[in-house]
1. What are the residue pairs meeting all of these: first residue in region 85-112, first residue of a type outside the set (A, V, I, L, M), second residue part of a loop (DSSP other than H, G, I, E, B), Cβ atoms under 7 Å, and 6 or more apart or on different chains?
2. Determine, yes or no, whether GLY128 is outside the structural domain of TYR212 (by TED's automatic domain parsing), small (Gly, Ala, Ser) and assigned to a loop (DSSP other than H, G, I, E, B).
3. All but one of (1) outside any loop (DSSP other than H, G, I, E, B); (2) surrounded by fewer than 15 Cβ atoms within 10 Å (Cβ to Cβ) hold for VAL123, so report the exception by its number.
4. State yes or no: is TYR158 under 16 Å from ASP219 (Cβ atoms) and either of a type in the set (Ser, Thr, Tyr) or exposed (fewer than 11 other Cβ atoms within 10 Å of the Cβ) (or both)?
5. With region 66-110 as the region, which strands (runs of 3 or more DSSP E) entirely inside it contain at least 3 residues that are at pLDDT 90 or above and under 14 Å from the mean Cα position of the chain (by Cα)?
6. From the set of residues in region 179-209 that are hydroxyl-bearing (Ser, Thr, Tyr) and assigned to a loop (DSSP other than H, G, I, E, B), which is farthest from TYR158 (Cα to Cα)?
7. How about region 210-224: which of its residues are more than 22 Å from SER180 (Cβ to Cβ) and either part of a loop (DSSP other than H, G, I, E, B) or among the charged types (D, E, K, R) (or both)?
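The values are calculated or read from the model by the stated rules, or taken from the named source; none is laboratory data. It should be emphasised that the depicted structure is a prediction, and the values quoted were computed from it without experimental measurement. Cβ coordinates were reconstructed from backbone atoms using ideal geometry, including for glycine residues, and neighbour counts include every protein chain displayed.
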Amino acid sequence: MFFRFFMSESYRKALIWCLVALTVLGACSRTEPRIPYGFMQLVYYQGPVRPEERFSFFVIPEDDDGIENLEELYLYHDLEGLRWRLSAEDWITFEEADKTWIGSRAIAMVGVDPLPRGQYRAVLVNKGGERTERTFSFDAPVDPRYPFPRIELQEENYTIESRYPEHFLLCYDGDGSFISTVPVKTLQDTLASLGLPSNARAIALWARDTEYQTAALTDVISLR
C-alpha cells in the first residue's frame, strides 16, 4: 500500500508540475503583435519629366517580446492586387515622442505610374508567425495641389519658391549621410540664419502639407 500511495503522490505532483509548466509556456510569446497607429503620406520626388509619387508608410508596432521579435511588415492594396514587403533588415526605424516607428519612405509603383488611392492594409508578423493587420484609407489628390517647390543658393543666401504651408531642410554630411532636419521660417534669407550643422555639406528641401498628408522632396544640392 505504501508503495502504491507513494507512486500515486509522485504522479500527482508530476502532473501538477506539467500543468504549471504548460501554463507558463503558453504565456510566452504566442500572442499576436499589435499596430495601435500608423499613417501614409504621399511624397512627390523630382522626376526627369514630372514629379514622381512615392508613399511614406509607417506604423507604431507593439509585441510582448519587444520590437526585436518582429520580422516582417506588409502593405497591401487588395483592390489592385499590390503588395510591398519589408523585412526587419529593410524597414526604417525612428523614435518620436517616446514611440518607435517602423516603415519605409520609398513605397512606389514600378515605372512612373501613380499609386492607387483608396484602402490599404498593413500586416505585421513576428518571429513566431503570429500576425495582426490594420487598414488605412488614403485618398491623396490625384493631381498635386501646389507646383513642385524649388530652392536656390546664391553666395551666402537661399531662396525658396513654394506654396506649401511648411518647409524644412534635410542636411547631409560629406559622405551623403543624413544629419538632421532644420525648420525653415522664411522663404528667403541668409544661410547663416538657418543654424545649419557645421558638418552639413548638402541640403534638400522638404515641403509639407499636413492637411492633405502630402509632401515634396527636392534633389540634394551642395553647399558652396
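1. Here the result reads GLY103/TRP91; SER104/TRP91, each pair linking region 85-112 to a residue that is part of a loop (DSSP other than H, G, I, E, B).
2. Working: outside the structural domain of TYR212 (by TED's automatic domain parsing): yes; small (Gly, Ala, Ser): yes; assigned to a loop (DSSP other than H, G, I, E, B): yes.
So GLY128 passes the test.
3. (2)
4. Working: under 16 Å from ASP219 (Cβ atoms): yes; either of a type in the set (Ser, Thr, Tyr) or exposed (fewer than 11 other Cβ atoms within 10 Å of the Cβ) (or both): yes.
Yes.
5. Values: elements: 70-77, 82-87, 92-96, 99-107.
Those strands (runs of 3 or more DSSP E) span 70-77, 82-87, 99-107.
6. Restricting attention to region 179-209, the residues satisfying the condition of being hydroxyl-bearing (Ser, Thr, Tyr) are 180-181, 186, 190, 193, 198.
Keeping just the survivors that are assigned to a loop (DSSP other than H, G, I, E, B) gives 186, 198.
On the way: THR186: 10, SER198: 17 Å.
Top of the filtered list is SER198.
7. The initial filter retains those residues of region 210-224 that are more than 22 Å from SER180 (Cβ to Cβ), namely 211-214.
GLU211, TYR212, GLN213 - these are the residues of region 210-224 that are more than 22 Å from SER180 (Cβ to Cβ) and either part of a loop (DSSP other than H, G, I, E, B) or among the charged types (D, E, K, R) (or both).
A quick yes/no check of all residues on (1) over 30 Å from PRO61 (Cα atoms); (2) basic (Lys, Arg); (3) touching a Pro at 6+ places or on another chain (Cβ under 8 Å); (4) in contact (Cβ under 8 Å) with a residue 60 or more places away in the chain:
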{"position": "ASP139", "(1), (2), (3), (4)": "no, no, no, no"}
{"position": "PHE168", "(1), (2), (3), (4)": "no, no, yes, no"}
{"position": "SER180", "(1), (2), (3), (4)": "no, no, yes, no"}
{"position": "GLN213", "(1), (2), (3), (4)": "no, no, no, yes"}
